[in-house]
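The values are calculated or read from the model by the stated rules, or taken from the named source; none is laboratory data. This structure is a prediction, so every number in the text was calculated from the model and none was measured. Note that each Cβ is placed from the backbone with ideal geometry, even for glycine, and that neighbours are counted across all protein chains shown. Remember, those area values only see protein heavy atoms, side chains included, never the ligands or the DNA or RNA. Shrake-Rupley method; radii C 1.70, N 1.55, O 1.52, S 1.80 Å.
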Amino acid sequence: MKQWMGVALGALVLAGCASSGKGGTEAVVQVQEDKATQVKTVAFAPLPMDCGRVAHCPTLGVRWSSTTPNRATLLVGTWGGQAQIEAIEFNARPHAPLRVRSKAKDASGLPGVTAFDVPMDTLERVALGSAAWVRLTTTGAVIEENLYTGERSSRAADALKRLMYEAYKGTDKELSLGLIGVFTDKPYEPNYYK
């Protein structure tokens, strides 16, 4: 747990410079590999969706470990931690709505952020679809925002795609999901300001 909190807090510090230098997601998505135990962890702290920094803007982060390769922890909140999150639903084209309600055993460790257990295949559908929007159910409201469209992307969507790439690098899933060469053949350039 302490290791994950350190990764998440480190990613938060780096989030401010994520769109410069290395090209976005390389700075935000943290990858750690323990050579002794052969355990790989990949994570990014909650980042805003395609709505900027308004108070109601949903934020999304993910923690994944090779010790549980088929599951991840989804970190969901709102910008500034203004709302308590009860559930999240992804509408990722061309898939049916994907609902996440199972709270994680370990709390997020970040103020105003709720941790959920989520299957990796759910995150695959969200990250690699043609477009996705998110519906958050909070204690007092329902919030809907775009994660990415065919024309615009959010920091959260770009980091999620990078997380999938890093988690599956060197495995059969890298090939089957079409992730080979996504980030290696040219510098990555996020398109949130275009």
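Taken over region 136-150, the criterion of being more than 18 Å from residue 98 (Cβ to Cβ) and without any contact (Cβ under 8 Å) to a residue 24 or more places away in the chain is satisfied by 150 alone. Criterion applied to 76, 31 was being at pLDDT 85 or above and farther than 15 Å from residue 154 by Cα, and the one residue passing it is 31. If you take the residues of region 133-157 that are among the basic types (Lys, Arg) and at pLDDT 90 or above, which of them is surrounded by the most Cβ atoms within 10 Å (Cβ to Cβ)? It comes out as 155. Taken over region 95-134, the criterion of being over 12 Å from residue 74 (Cβ atoms) and touching a residue at least 40 places away in the same chain (Cβ under 8 Å) is satisfied by 106, 109, 110, 121, 124, 128, 132, 133. Scanning region 82-109 for residues that are among the aliphatic types (A, V, I, L, M) and in a strand (DSSP E or B) turns up 85, 87, 88, 92, 98, 100.
Checking region 122-138 against the condition returns a match, with at least one residue being within 25 Å of residue 81 (Cβ to Cβ), β-branched (Val, Ile, Thr) and assigned to a helix (DSSP H, G or I). Hey, can you tell me all the residues within region 54-81 that are assigned to a loop (DSSP other than H, G, I, E, B), on the phi < 0 side of the Ramachandran plot and open to solvent by 10 Å² or more (accessible area, probe 1.4 Å)? Across region 54-81, the qualifying residues are 54, 55, 56, 66, 67, 68, 69, 70, 79.
Looking at the structure I just gave you, is residue 112 in a loop (DSSP other than H, G, I, E, B) and within 26 Å of residue 152 (Cβ to Cβ)? Spelling it out, residue 112 is indeed in a loop (DSSP other than H, G, I, E, B) and within 26 Å of residue 152 (Cβ to Cβ).
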